[in-house]
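Notes for the one structure printed next.
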Amino acid sequence: MNRLSKKIIFLFFIVILMFFNRPLLAESFPLLRVSAYYQKDIEETQKKIEEQQKAKEDLEKQQKIYQQKIEEKRKEGITLKNELSILENQINKQKISIRMKENEIETTDLEIKNTQFEILQKQKEIIEQKNKISEILRLINQHDKKGILEIVVLADSLADILSQNRQFNSLQESLISFLDNLKEKKDDLIGEEKDLQTERQNLVFLKSDLENEKAKLGSSKIVQTKILDETRGAEWRFQSLLAEAITEQKNIERELSSLEKQLREKLTFKEETDLTEGEGEIIFSWPVPSGVITAYFHDPDYPYKRWIGEHSGIDLRAAQGTPVRAAASGYVARAHHGGMGYSYVLIIHNEEFSTLYGHLSQINIEEGSYIRRGEVIGKSGGTPGTPGAGYFVTGPHLHFEVRLKGIPVNPLNYLL
């Protein structure tokens, strides 16, 4: 048998192998069967995600129960028993909120981990498919079209090889298409991972919210302890405390409203103001550095809401004695030293805006003086039973208000 005859027989064997014995081909090149390197990891992670989701649903149900109890008690009169019941349910609700945020953080971490496993799995699949494709292409390249044409010319009995060759080329195109498909899946997964990484960056804010929730929980416990200590469980002591608190708050609001109106008529504001930046927006600086908010503007869970109405500012967590800085330049309209009562500073910035700083344990500026943005005006307080804290204490913090024409507005709309 000459060399050309051997070549023809070999090619014929390949054609028979590929197109008349497909099971054998599938065994040699199992294109659709890939090793499940990370499948177990993916399944286990997915199971954990489902468990986290179930836990989240349970927590949401518990939170709704506590919220319902709070709303029911709020419909009743202001009594010591009711206020303590509301506080207890708020504390339990805040504990659930903390667990829910921790759950969300853990779930997102698991989703990121799961996506990474899927990407690794796809990368392995692509490598395997490339190897199998390379094996088949190597055989095709060994017997290119020129060699097949020669065979056809010299051996008419193998004329159908041309048809089989077209199928062979079609198989090659299918393999390349399959590889492109896998590459596309890999790109999709990488895109998903980028999305999850973005979400993970957002978790920085979620973790900040978690700190806020923990701070709010601590504040609620302080209020609960204070009420119990002040009243010693007696309803008449509670009502007396309530009356004093309401009277103090009304007196402060009356004084501030009158004071702002009178001073604006007398003051000549400096032309060079630092209150606006950019396109005329009103910008205030944070008076203390923490940025942790323990009570929001008109916070529905503010513990003294039923006593004095809506919370007129935001409470910023600050250790006792933290330096408090002016949020913008302006005139010191009021520097009230309350002794063991409520101490605060009111600064008027222009014809419309003013800021108030409450629960100050120390005041370093004089009424009528002009101060610059960032200048220290005093020190924070809020620890129960300390100078400047007053009645409405929820632990060490700064009460900060932004007022527009004497009316409190949400400070978060103006803080830089």
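Any chance the range 342-354 includes a residue that's without any contact (Cβ under 8 Å) to a residue 40 or more places away in the chain, in contact with a Gly (Cβ under 7 Å, 6 or more places away or on another chain) and either over 30 Å from Q94 (Cα atoms) or part of a strand (DSSP E or B) (or both)? Looking for residues that are without any contact (Cβ under 8 Å) to a residue 40 or more places away in the chain, in contact with a Gly (Cβ under 7 Å, 6 or more places away or on another chain) and either over 30 Å from Q94 (Cα atoms) or part of a strand (DSSP E or B) (or both), one finds at least one in the range 342-354, hence yes. Could you check how many residues of the range 302-327 are outside any strand (DSSP E or B) and in contact with a strand residue (DSSP E or B) (Cβ under 8 Å, 6 or more places away or on another chain)? Qualifying residue count, the range 302-327: 11.
Any residue that is at pLDDT below 90, part of a loop (DSSP other than H, G, I, E, B) and crowded, with 17+ Cβ neighbours inside 10 Å - is there at least one of those in the range 261-276? The answer is yes, given that some residue of the range 261-276 is at pLDDT below 90, part of a loop (DSSP other than H, G, I, E, B) and crowded, with 17+ Cβ neighbours inside 10 Å. Taken across the range 224-240, residues that are of a type in the set (K, R), surrounded by 15 or more Cβ atoms within 10 Å (Cβ to Cβ), closer than 28 Å to I86 by Cβ and over 28 Å from the mean Cα position of the chain (by Cα) do occur, with at least one present.
Pairing residues of the range 44-56 that are of a type in the set (K, R) with residues that are surrounded by 15 or more Cβ atoms within 10 Å (Cβ to Cβ), at Cβ distances under 7 Å and at least 6 apart in sequence or on separate chains, gives K48/L110; K56/M100; K56/N103. Only residues that are over 14 Å from P396 (Cβ atoms) and either among the polar types (S, T, N, Q) or at pLDDT below 95 (or both) were counted in the range 351-364, giving 6.
A single member of I348, I371 is at pLDDT below 95, under 19 Å from R254 (Cβ atoms) and either of a type in the set (V, I, T) or in contact with a Pro (Cβ under 8 Å, 6 or more places away or on another chain) (or both), and it is I348. From the list K194, K250, which residue is surrounded by fewer than 17 Cβ atoms within 10 Å (Cβ to Cβ), out of contact with any Asp or Glu (no Cβ under 8 Å at 6 or more places or on another chain) and not assigned by TED's automatic domain parsing to the domain that holds S343? None of the other options fit; the residue is K194.
Being surrounded by 19 or more Cβ atoms within 10 Å (Cβ to Cβ) and touching a Leu at 6+ places or on another chain (Cβ under 8 Å) is true of Y331. Quick check on this structure: which one of E401, E366 is part of a strand (DSSP E or B) and either in contact with a strand residue (DSSP E or B) (Cβ under 6 Å, 6 or more places away or on another chain) or surrounded by fewer than 23 Cβ atoms within 10 Å (Cβ to Cβ) (or both)? Only one candidate qualifies: E401. Sub-8 Å Cβ pairs linking a first residue in the range 82-104 that is in contact (Cβ under 8 Å) with a residue 12 or more places away in the chain to a second residue that is assigned to a helix (DSSP H, G or I) and among the acidic types (D, E), at least 6 apart or interchain, are Q94/E213; S97/E213; I98/E213; M100/E60; K101/D209; K101/E213, ordered by first then second residue.
A single entry from T355, T383, T394 fulfils the requirement of being crowded, with 18+ Cβ neighbours inside 10 Å and under 16 Å from R264 (Cβ atoms): T355.
No other residue among G381, G390 is in contact with a His (Cβ under 6 Å, 6 or more places away or on another chain) and not polar (S, T, N, Q) apart from G381. There is at least one residue in the range 310-322 that is polar (S, T, N, Q) and within 30 Å of F238 (Cα to Cα).
The values are calculated or read from the model by the stated rules, or taken from the named source; none is laboratory data. Bear in mind that the values here come from a model prediction, so they are computed numbers and not experimental data. Note that we place each Cβ from the backbone using ideal geometry, even for glycine, and neighbour counts take in every protein chain shown.
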